[in-house]
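Peer 1: Pasting in a structure now, in structure tokens, and then I'll have a few things to ask.
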Amino acid sequence: MARVAIVTGGTRGIGEAISLALKEAGFTVAANYAGNDEKAAAFAERTGIKAYKWDVGDFDACAEGVKKVEEELGPVDAVVNNAGITRDGTILKMSREMWEDVIRINLGGCFNMAHAVFPGMRTRKWGRIVNIGSINGQAGQYGQVNYAAAKSGIHGFTKALAQEGARFGVTVNAIAPGYIDTDMVAAVPADVLEKIVAKIPVGRLGQAHEIARAVAFLCSEDAGFVTGSTLSINGGQHMY
Ligand SMILES: NC(=O)c1ccc[n+]([C@@H]2O[C@H](COP(=O)([O-])OP(=O)(O)OC[C@H]3O[C@@H](n4cnc5c(N)ncnc54)[C@H](OP(=O)(O)O)[C@@H]3O)[C@@H](O)[C@H]2O)c1
């Protein structure tokens, strides 16, 4: 029987490419999303991948969402914690709410999802958890103390959980993308984006499929000896 994978934020952007790459690799994929029903319906129609709506920042909603996926598709073997948001502003302009939203969704979402799937993976002695961090969690970024803290937290979370899963065949890895051509980056003002691209040694933004293929590898049988690692995919922008 095909293995089952959940991709959070899996209906557009990098997540959509990950959902497709995992489907191509033979997984039965459940693509989670937060609120954009129109994009999710179009994605499901286009790809034949089922979309499931819940907020990854909500602990109980994650438990319920995973339960529903398991009832419909079978036990979850892989989770890609890709859902993420930005609420940018310098610390002087950042409200407590902007801080909390980003920590709750970007970092809390990883905990909530791992908490829901880890016991089953451990019992079945096989699992793959891939967390999507960011170059800005490695290097920091002006106007993003919330986002950089959450993403940096993801890298620590990954190494700690990898130690808990290792003896049970459950690997936990992270990918730290650089700037990828998605809606999130389209929200960056053009003049700022131009300066960012000028600092990328390969001279262009990354494409979502360039992240997705690495996720597919980390979720494969072949990657069983890779755990606790962070793969930087950033066109050489930050050689960490
Ligand atoms: N793009 C980049 O350059 C870049 C660089 C480094 C890291 N990343 C990281 O890569 C991941 C994907 O980024 P992207 O650019 O593809 O983002 P995106 O185009 O903005 O898509 C975000 C996805 O996450 C979902 N989402 C947001 N909040 C959620 C929540 N509370 N619960 C469930 N799903 C939620 C969205 O669902 P809806 O469609 O319902 O809104 C959407 O499917 C993020 O973690 C981001 O931080 C991106």
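The values are calculated or read from the model by the stated rules, or taken from the named source; none is laboratory data. All of these numbers come straight from a predicted model, not from anything done at the bench. Note that each Cβ is placed from the backbone with ideal geometry, even for glycine, and that neighbours are counted across all protein chains shown. Keep in mind that these areas ignore ligands, DNA and RNA; they rest on the heavy atoms of the full protein, side chains included. Shrake-Rupley method; radii C 1.70, N 1.55, O 1.52, S 1.80 Å.
Peer 1: I'd like the FRET efficiency for LEU193 and LYS159, computed as 1/(1 + (r/R0)^6) with the beta carbon distance as r and R0 of 25 Å, rounded to 0.05. Don't skip to the end; give the middle numbers.
Peer 2: Numbers: r = 32 Å, r/R0 = 1.26.
Step by step, r from the Cβ atoms, then E = 0.20.
Peer 1: If you don't mind, there's one more thing I want to ask. So how strong a dipole does the stretch 129-236 carry about its Cα centre when Lys and Arg Cβ are +1 and Asp and Glu Cβ are -1, to the nearest 20 debye?
Peer 2: The dipole magnitude comes to about 260 debye.
Peer 1: Using only DSSP helix segments of four residues or longer, with each worth -39500 (n - 2.57), what per-residue ellipticity at 222 nm results for the chain after dividing by its residue count and rounding to 500?
Peer 2: -14000 deg cm²/dmol
Peer 1: Roughly how tilted is helix 37-47, in degrees to the nearest 10 and between 0 and 90, from the longest Cα axis of the chain?
Peer 2: Long axis of 37-47 versus the principal axis of the chain: about 60 degrees.
Peer 1: Provide the packing ranking of 142-152, 225-235, i.e. peptides ordered by the mean count of other C-beta atoms within 10 Å per residue, highest first. Walk me through the numbers before you get to the answer.
Peer 2: On the way: 142-152: 20.5, 225-235: 16.8.
Put in order of decreasing packing, that is 142-152, 225-235.
Peer 1: Using R₀ = 35 Å, calculate the FRET efficiency as 1/(1 + (r/R₀)^6) where r is the Cβ-Cβ separation of ARG167 and HIS209; round to 0.05.
Peer 2: Efficiency, from the Cβ-Cβ distance: 0.55.
Peer 1: Determine the gain in length on full extension of the stretch SER95-HIS238; use 0.36 nm per residue of separation and subtract their C-alpha separation, reporting nm with one decimal.
Peer 2: 48.6 nm
Peer 1: Something else now. Report the full-extension gain for the segment MET1 to MET184: residue separation times 0.36 nm, less the Cα-Cα distance, to one decimal in nm.
Peer 2: Numbers: separation 183, 0.36 × 183 = 65.88 nm, distance 3.56 nm.
Extra length from MET1 to MET184 when fully extended: 62.3 nm.
Peer 1: Let me ask something else. Give me a comma-separated list of calculated 3J(HN,Hα) values for the stretch 60-69, in order, Karplus coefficients 6.51, -1.76, 1.60 applied at θ = phi - 60°, integers in Hz, x for any Gly or Pro.
Peer 2: 5, 4, 5, 4, 5, x, 5, 4, 5, 4
Peer 1: Non-local amide H neighbours of VAL170 (under 5 Å, H modeled in plane, Pro and chain starts lacking H): which ones?
Peer 2: Sorted by chain and number, the residues that satisfy this are GLY127.
Peer 1: Another one. Please build a GNM for the chain, connecting alpha carbons under 10 Å apart, and tell me which residue among THR47, THR86, THR158 fluctuates the most.
Peer 2: Largest GNM mean-square fluctuation: THR47.
Peer 1: State the percentage of accessible surface on the stretch 116-159 attributable to carbon and sulfur atoms; use a 1.4 Å probe and exclude ligands, DNA and RNA.
Peer 2: Working: 870 of 1560 Å².
After summing per-atom areas, the C and S share lands at 56 percent.
Peer 1: Can you give the charge dipole size of the chain about its Cα centre, rounded to the nearest 20 debye, using +1 on the beta carbon of Lys and Arg and -1 on the beta carbon of Asp and Glu?
Peer 2: 540 debye
Peer 1: Bin width 5 Å, alpha-carbon pairs only: give the P(r) of the chain as whole percents, running from 0 to the bin holding the largest distance.
Peer 2: Pairs per bin, as whole percents: 1, 7, 15, 19, 21, 17, 11, 6, 2, 0, 0.
Peer 1: Another one. Based on Cα coordinates alone, diagonalise the gyration tensor for the stretch 132-231, multiply each eigenvalue by 5, take square roots, and list the semi-axes in whole Å, largest first.
Peer 2: Equivalent ellipsoid semi-axes, largest first: 28, 16, 9 Å.
Peer 1: What is the set of long-range amide H partners of GLY206 at a cut-off below 5 Å, with H atoms built 1.01 Å from backbone N?
Peer 2: Counting only residues 5 or more places away or on other chains, the set is TYR179, ILE180, ASP181.
Peer 1: Filter the trypsin sites (Lys or Arg not before Pro) in the stretch 48-98 to those in DSSP coil with at most 12 other Cβ atoms within 10 Å of their Cβ, and list the result.
Peer 2: Qualifying residues, ordered by number: LYS93.
Peer 1: Can you work out ³J(HN,Hα) from phi for every residue in the stretch 18-26, in order, using Karplus 6.51 cos²θ - 1.76 cosθ + 1.60 and θ = phi - 60°, giving whole Hz and x for Gly and Pro?
Peer 2: 5, 4, 5, 5, 6, 4, 4, 7, x
Peer 1: Still on this model: Dipole magnitude of the stretch 87-135 about its Cα centre, charges +1 at Lys/Arg Cβ and -1 at Asp/Glu Cβ only, in debye to the nearest 20?
Peer 2: I would put it at about 360 debye.
Peer 1: Spin-label point model (7 Å from Cα, Cβ direction): what's the GLU45 to LYS67 distance in nm?
Peer 2: Going by the 7 Å Cα→Cβ label model, 3.2 nm.
Peer 1: Further question on the same structure: What list of ³J(HN,Hα) couplings, whole Hz, do you get for the stretch 76-89 from phi and the Karplus terms 6.51, -1.76, 1.60, once you set θ to phi - 60° and write x for glycine and proline?
Peer 2: Using θ = phi - 60°, the values come out as 8, 9, 9, 10, 10, 7, 10, 4, x, 9, 10, 9, 7, x Hz.
Peer 1: Sequence gap at least 6, Cα distance under 8 Å: using those rules, report the relative contact order of the chain to the nearest whole percent.
Peer 2: Once normalised by length, the contact order is 20 percent.
Peer 1: For the stretch 110-238, with the dipole built from +1 on Lys and Arg beta-carbon atoms and -1 on Asp and Glu ones, taken about the Cα centre, which of PRO119, ALA187, ASN234 lies farthest toward the positive end?
Peer 2: PRO119
Peer 1: What are the residues whose amide H is under 5 Å from the amide H of ASN131, where those residues sit 5 or more places off or on another chain and H is modelled from the backbone?
Peer 2: For ASN131, whose amide H was placed from the backbone, the distant partners under 5 Å are ASN81, ASN173, ALA174, ILE175.
Peer 1: Now for a different question. May I ask you to derive the FRET efficiency for ARG122 and VAL202 from their Cβ-Cβ distance with R0 = 30 Å, giving the value to the nearest 0.05?
Peer 2: 0.15
Peer 1: Towards the positive end of the charge dipole of the chain, with charges on Cβ (+1 Lys, Arg; -1 Asp, Glu), say which of ILE49, VAL172, THR86 has the farthest Cα.
Peer 2: Of the options given, the answer is VAL172.
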